[in-house]
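Please read the structure below before turning to the comments.
The numbers here are math on the coordinates, done by the rules we state, and not lab data. The shown structure was predicted, so the numbers you read here are calculated from the model rather than taken from an experiment. Quick reminder, even Gly has a Cβ in these numbers, built from the backbone with ideal geometry, and neighbours come from all protein chains shown.
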Amino acid sequence: MNLFLISDIHGNDNFDPIKEKIAEADLVLCAGDFTMFRPTDEGLSVAEKLASLNPSIYMVCGNCDTPDLEGILVEKGLSIHGKSVVFGKGGERYTLGGIGGSLHTPRPTPNTWSENDLVDVIKGFETAPDIIISHQPPYGAGDTVMKVMHVGSKNLTYYLRKNSPILCLSGHIHEAAGIFRIGQTTVINPGSYREGHYATAQIEGRDCTATLY
Ligand SMILES: [Fe+2]
């Protein structure tokens, strides 16, 4: 299964350079931050423009998106924040789970939570996901700021080690793009599409390989 991974669009809704890659993917995942603190309708416009490029798409919001936007995207079946869904293609079936927003940030942003809140979000997963979309990176993977400081979620890292999903797509920390490993899980932070970055991944069984652009 071929995946297209994108995050931290922050208002750059010129998808022309990537629209063919998006259309060809079996599954498109987006880890949020559709705008830079713009109102809900502007975030919705970016999310729906992206969703129009491939019907097999799931997403969550980021900390720079409004909590209202998350609710609207959940109603539209686009955001999977706090729930799990099953995606099938050919003979393959994968369960996906979503975590929107981020840990509280040094300067307040609209859509944030505490480590304890994360436990409640994860309780919404009916089945342990094979693939997690989480705007917030886990602690120790794609979460380094100023080259030395980890700002990821320790509860998410604990969850990944315990449940071993195949893939965790994250975003949020633009400068920490990369492909990482926590236990059995491949963690991908594709970087910010506002700066032109994205990733592709291939999943075969429990194996995941990825390329950053
Ligand atoms: Fe963010």
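Annotations
- About the centre of its Cα atoms, the chain shows a dipole size close to 560 debye [charges on the beta carbon of Lys, Arg (+1) and Asp, Glu (-1) only; nearest 20 debye].
- Summed residue charge, Cβ within 11 Å of Leu103's Cβ, Lys/Arg positive, Asp/Glu negative: -2
- Exposure proxy order (Cβ contacts within 10 Å, fewest to most) of Tyr213, Tyr193, Tyr94: Tyr213, Tyr94, Tyr193
- Estimated from the Cβ-Cβ distance and a Förster radius of 41 angstrom, the FRET efficiency linking Met146 and Ala23 is about 0.60.
- Here the contact order of region 1-152, divided by its residue count and restricted to Cα pairs under 8 Å and six or more residues apart, works out to 19 percent.
- The residues neighbouring Ser164, those whose beta-carbon lies less than 14 Å from its own, together hold a net charge of +2 under the Lys/Arg +1, Asp/Glu -1 convention.
- Footprinting exposure proxy for Met36, Met149 (fewest neighbouring C-beta atoms within 10 Å first): Met149, Met36
- With each label modelled as a point 7 angstrom along the Cα→C-beta vector, the Lys162-Thr209 pair spans 3.3 nm.
- Translational diffusion of region 144-202, µm² s⁻¹ [Kirkwood Rh, Cα pairs; Stokes-Einstein; 37 °C; 0.692 mPa s]: 270 µm²/s
- Partner lysines for Lys49 [C-alpha distance under 18 Å; skip if fewer than 8 residues away on the same chain]: Lys19, Lys21, Lys76
- Whether the chain is rounded, prolate or oblate, judged on the alpha carbon gyration tensor where a/c under 1.5 counts as rounded: rounded
- Here the extension length gained between Thr127 and Glu75 equals 16.7 nm, from 0.36 nm per residue of separation less the Cα-Cα distance.
- Exposure here means at most 14 other Cβ atoms within 10 Å; with trypsin sites (Lys or Arg not before Pro) in a DSSP loop as sites, the longest stretch of the chain lacking them is 1-75.
- Applying 0.36 nm per residue to the separation of Lys49 and Val86 and subtracting their alpha-carbon distance, the gain on full extension is 11.0 nm.
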